[in-house]
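J.: Structure incoming, see below.
The values are calculated or read from the model by the stated rules, or taken from the named source; none is laboratory data. Predicted model only: the values in this text are computed from it and were never measured. Every residue, glycine among them, receives a Cβ derived from its backbone with ideal geometry; neighbour counts consider all protein chains shown.
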Amino acid sequence: MNFQQSLEQDMLRSSVAATFDRDAAGRGDTALAELGIFGLLVAEANGGLGLGLAEAVVVLQEAGRAGLAGTLAETLLLADTIATAVPEQCEAVLAGGARVVAPLSGTLTRANGRLRGKVTIQHPRAGDWIVVGVDDDAEIVLLPASRFELAGRARIEAEADACEVNVDVPVADARLVRLQGFADRLAILRCAELLGAAEHCFTLSVGYMNERTQFGQAIGANQALKHIAADTYLSLENLRVAVEYAAAASDAADREDEEALCAAAVKAVQVMLAYVPNTAREIAETAIHLHGGIGLTWEYPLNVYVRRIVRLGTALGTASAHRLALYDGFSRSSKVGGKATPSSHLPRNGAHHDSAL
Amino acid sequence: MDITFTPQQQAYREQVRSWLAENLPSNWTQGGLWPAQSEEAEQELLIDWERRLYAAGYSGIAWPKDYGGQGRDHVDDLIVNEELGAASAPESINTIGRELVAPIILSVGTEEQKRHYVPRILRMDDTWCQGFSEPNAGSDLASIKTRARRSGDKWIINGQKIWTSYAHFANHCILLARTNMDVSPYRGMSLFIVKMETPGIEVRPIRHMNGLRHFNEVFFTDVEIDDGMLIGPLDTGWKVAVEVLGFERATTRLYRQARFTEELRALVDYALDADDVGDALRAEIGGIVAELSIMRYHNLRFISRLSSGARIGEEASFLKLLWSNLHQKIARLALELLGPEFDALSPIAERFRRIYFTSRGETIYAGSSQIQRNILAERVLGLPRGERRVGQ
Ligand SMILES: Cc1cc2nc3c(=O)[nH]c(=O)nc-3n(C[C@H](O)[C@H](O)[C@H](O)COP(=O)(O)OP(=O)(O)OC[C@H]3O[C@@H](n4cnc5c(N)ncnc54)[C@H](O)[C@@H]3O)c2cc1C
């Protein structure tokens, strides 16, 4: 047991952070490719680094902090699948040239030989493939992005169009891939992005509290604000361990397909989803408040982060649904045994019991 | 990053678990003895329990063997704690000895003090109380007035302490007293070992809101103690206490997380029996489960950092905020679930009556929530220093 970042992970963090810093304009693909980031989750046999979600979390957290995540989460997650299925694409994958886009919300159902469903996609033209979960999350389908009619949605983020896509395709035409736990993995990386974005909001806040003076002193000298800052610090530390534990638990279940580890990984994602999206949003809201009027302007950098946090967070399901799922797991493991309500995030192995984990 | 335990560690966990299953006192119910008995009978049972725990090798896990400890690592310490918590084993009534005195002595005590006092704490030969707070020095501990004056090779102590938990049965006290009036208040304090049987000490009980005799006032009138009872260098008592406490904030009562989880489980079992858990309540309980899990992740992180030799600093204050709040949430949930049965003469009601009233103190003692937030804001986040003590 060693639940802390390794030296290698620390180094990865600093090089990724430096890359994002240099490239605030968002054209960091070449630099990221040089670091091997696009091959982070690609098997070594395919020329990748063969690393795990713990490392991917580091990358997405830094991307979230820099406000540059875009479609990086799903692109990293699908890289190995594409490199394996289409070997001639392998080089492009590693260079960051094979981008995929996963919907913010929505899945497809399979019935009567067709795949159907309505999904909401941000950056619809940012990738060559749209990747959507099918039914119970054991399978995904890769759809060529160019093929669909897009219906507009309200713009939450200034730089990103969101569109509705009505999918209705014959199963025979679709490229279906078994990729168990894709939804959970994507959730982990999106929560890592939320963590980075929330951290940045907090950094801006603490900076502003030291810098802005009113009544002849830094506003941060007021205990009312200090205590808000201290509570926010606690929330951020909670966010951090929730995301990192979910990633570590998922990696552990991948290494060893053991029932207890799989159950722990499922529960860790529920914990994360019950806590992270709402709390990240609260941290962003607090940041606006701590800035006074300037925090509410379109131009101040907070705006971009707040919108991103709201957008991503609302797409991750209601906190109460995730809390109910946790309740079910907990009560089922108690002596009396609870009455289950169906939970959205199914265990990888059908195993579902509460351990000390 | 690795969250799994080795087969040896898992085997150790099993071993602790089965020892506990066989050895837990059967009439102990977290609400005390059931059927209820006198406080003295409870005390005796608890002392006996701690002796048996030590005899079986399950206390002082990460303390050095030379001083009676088990010499095992921090992960094993975590494992034992988690099993104690999950089994709802009785809590120590020598927490001051275990969490404050032994760590302070191990870090700044003389070799003689280490060899004498640390094993005696483990064997429950000595139980300790902590004489820090005074009527006018609570959060602002540096304004204590109790003085230790040198007289030949002795120290003469005069003053008054308050809220001194366990002083009514402890045979030793770790005392914070002023030893130097000529330096800043923080610098002129020292720590002493005082035997409670020393002439000039008077203990007056204060009854805790939970109904138990928990804390006391302690009066010191010309109490004479030997020079060898000073702990650490003269005038550095504050620094020592703060440093050790910071470290301890991250490592003591690691069992809390598992224990709170068991409390929640007992409540859920009760509610399921009564069959009245609506969706709103389920979601609330699920939210607490999430926070309990996060609390465990923090434990794992701190234990990992300690294992790799990292220094734990003031950031550990957030743990105090986290657990005290979370426990009060569970206690409030108990009120809601027990409802009109809160006054039932049943083990579960008695248990949660105790937990509810006791947990109210948890955001006050060991540095109130406000003090923890000040520490985080000023020392960790670097915000400007605010309150200063006015008028010395
Ligand atoms: C159950 C229990 C057991 C205890 N056992 C012991 C023991 O064994 N030995 C011992 O020495 N002491 C013990 N204490 C005392 C404990 O350490 C003090 O109660 C604590 O330090 C608070 O001091 P106080 O009670 O004087 O409250 P005060 O310091 O007067 O605080 C009153 C309120 O004011 C707030 N406050 C104080 N200063 C500030 C500030 N600067 N900014 C914002 N808010 C502030 C506090 O948070 C609190 O809400 C115990 C206390 C309890 C409740």
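J.: Tell me, please, whether a residue that is surrounded by fewer than 18 Cβ atoms within 10 Å (Cβ to Cβ), modelled with pLDDT of 95 or more and not in a helix (DSSP H, G or I) can be found in the stretch A:186-204.
T.: Checked against the condition, which is being surrounded by fewer than 18 Cβ atoms within 10 Å (Cβ to Cβ), modelled with pLDDT of 95 or more and not in a helix (DSSP H, G or I), the stretch A:186-204 yields no hits at all.
J.: Now for a separate question. Condition (residue is surrounded by fewer than 18 Cβ atoms within 10 Å (Cβ to Cβ), out of contact with any Asp or Glu (no Cβ under 9 Å at 6 or more places or on another chain) and of a type in the set (A, V, I, L, M)) applied to the stretch B:357-365: is it met by at least one residue?
T.: yes
J.: Could you pull out the residue among A:248, A:242, A:280, A:265 that is touching a strand residue (DSSP E or B) at 6+ places or on another chain (Cβ under 8 Å), in contact (Cβ under 8 Å) with a residue 40 or more places away in the chain, among the aliphatic types (A, V, I, L, M) and under 15 Å from residue A:189 (Cβ atoms)?
T.: Result: A:248 is the single residue among A:248, A:242, A:280, A:265 that is touching a strand residue (DSSP E or B) at 6+ places or on another chain (Cβ under 8 Å), in contact (Cβ under 8 Å) with a residue 40 or more places away in the chain, among the aliphatic types (A, V, I, L, M) and under 15 Å from residue A:189 (Cβ atoms).
J.: Let me ask another. Can you run down the residue pairs with Cβ atoms below 8 Å, 6 or more apart or on separate chains, where the first is in the stretch B:354-376 and over 20 Å from residue A:221 (Cβ atoms) and in the same structural domain as residue B:332 (by TED's automatic domain parsing) and the partner is part of a helix (DSSP H, G or I) and near the ligand (Cβ under 10 Å from one of its atoms)?
T.: Within 8 Å, the pairs are B:363/B:369.
J.: Within the stretch B:313-329, does at least one residue satisfy the condition of being of a type in the set (S, T, N, Q), over 19 Å from residue B:210 (Cα atoms) and touching a helix residue (DSSP H, G or I) at 6+ places or on another chain (Cβ under 9 Å)?
T.: Yes.
J.: Can we say residue A:158 is exposed (fewer than 15 other Cβ atoms within 10 Å of the Cβ), touching a residue at least 24 places away in the same chain (Cβ under 8 Å) and in a loop (DSSP other than H, G, I, E, B)?
T.: For residue A:158, the condition - exposed (fewer than 15 other Cβ atoms within 10 Å of the Cβ), touching a residue at least 24 places away in the same chain (Cβ under 8 Å) and in a loop (DSSP other than H, G, I, E, B) - is met.
J.: Residues that are of a type in the set (Val, Ile, Thr), surrounded by fewer than 24 Cβ atoms within 10 Å (Cβ to Cβ) and over 16 Å from the mean Cα position of the chain (by Cα): which helices (runs of 4 or more DSSP H) entirely in the stretch A:1-100 hold 2 or more of them?
T.: Result: A:72-85.
J.: Checking the conditions here, which among B:104, B:174 is within 16 Å of the ligand (Cβ to nearest atom) and either at pLDDT 95 or above or within 14 Å of another protein chain (Cβ to nearest Cβ) (or both)?
T.: Answer to the check: B:174.
J.: Among the candidates B:139, B:165, single out the residue that is touching a His at 6+ places or on another chain (Cβ under 8 Å) and either within 12 Å of the ligand (Cβ to nearest atom) or within 14 Å of another protein chain (Cβ to nearest Cβ) (or both).
T.: Step by step, each of B:139, B:165 is checked, and only B:165 is touching a His at 6+ places or on another chain (Cβ under 8 Å) and either within 12 Å of the ligand (Cβ to nearest atom) or within 14 Å of another protein chain (Cβ to nearest Cβ) (or both).
J.: Would you be able to tell me the number of residues in the stretch B:208-220 that are modelled with pLDDT of 95 or more and either surrounded by fewer than 19 Cβ atoms within 10 Å (Cβ to Cβ) or basic (Lys, Arg) (or both)?
T.: Total satisfying the criteria: 2.
J.: Taking the stated definitions as given, is residue B:211 under 23 Å from residue B:91 (Cβ atoms), away from the ligand (no atom under 12 Å from the Cβ) and either away from chain A (no Cβ under 14 Å) or acidic (Asp, Glu) (or both)?
T.: When the stated conditions are applied, residue B:211 passes them.
J.: Oh, and also: When only residues in the stretch B:244-300 that are more than 7 Å from every other protein chain (Cβ to nearest Cβ) and among the polar types (S, T, N, Q) count, which is surrounded by the most Cβ atoms within 10 Å (Cβ to Cβ)?
T.: The qualifying residue surrounded by the most Cβ atoms within 10 Å (Cβ to Cβ) is B:257.
J.: Condition test on residue A:254, is it surrounded by fewer than 22 Cβ atoms within 10 Å (Cβ to Cβ), more than 8 Å from every other protein chain (Cβ to nearest Cβ) and either of a type outside the set (A, V, I, L, M) or in contact with a Ser or Thr (Cβ under 9 Å, 6 or more places away or on another chain) (or both)?
T.: Criteria met by residue A:254.
J.: May I ask you to list pairs of residues, at least six apart or on different chains, whose Cβ atoms are under 7 Å apart, with the first in the stretch B:133-155 being farther than 17 Å from residue B:236 by Cα and the second being surrounded by 14 or more Cβ atoms within 10 Å (Cβ to Cβ) and among the hydroxyl-bearing types (Ser, Thr, Tyr)?
T.: What qualifies is B:134/B:146; B:136/B:143; B:137/B:143; B:139/B:368.
J.: A further question follows. What about residue B:312, is it surrounded by fewer than 20 Cβ atoms within 10 Å (Cβ to Cβ), more than 9 Å from every other protein chain (Cβ to nearest Cβ), part of a helix (DSSP H, G or I) and within 19 Å of the chain's Cα centre (by Cα)?
T.: no
J.: Quick one: how many residues across the stretch B:199-208 are under 30 Å from residue B:226 (Cα atoms), within 10 Å of the ligand (Cβ to nearest atom) and not in a strand (DSSP E or B)?
T.: Residues meeting the conditions: 0.
Conditions tested, residue by residue: (1) more than 14 Å from every other protein chain (Cβ to nearest Cβ); (2) touching a Gly at 6+ places or on another chain (Cβ under 9 Å); (3) modelled with pLDDT of 95 or more; (4) within 9 Å of the ligand (Cβ to nearest atom).
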{"residue": "B:338", "(1), (2), (3), (4)": "yes, no, no, no"}
{"residue": "B:345", "(1), (2), (3), (4)": "yes, no, no, no"}
{"residue": "B:354", "(1), (2), (3), (4)": "yes, yes, no, no"}
{"residue": "B:357", "(1), (2), (3), (4)": "yes, yes, yes, no"}
{"residue": "B:363", "(1), (2), (3), (4)": "no, no, yes, yes"}
{"residue": "B:370", "(1), (2), (3), (4)": "no, no, yes, yes"}
{"residue": "B:377", "(1), (2), (3), (4)": "no, yes, yes, no"}
{"residue": "B:390", "(1), (2), (3), (4)": "yes, no, no, no"}
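J.: Within the stretch B:316-329, count every residue that is charged (D, E, K, R) and at the interface with another protein chain (Cβ under 8 Å from one of its Cβ atoms).
T.: 0
J.: Still on this structure, please answer the following. Among all residue pairs at least 6 apart or on different chains, which show Cβ distances below 6 Å where the first residue, located in the stretch B:342-353, is farther than 13 Å from residue B:270 by Cα and the second is modelled with pLDDT under 95?
T.: What qualifies is B:350/B:31.
J.: In contact (Cβ under 8 Å) with a residue 12 or more places away in the chain and within 16 Å of the ligand (Cβ to nearest atom), is that true of residue B:260?
T.: No: the conditions fail for residue B:260.
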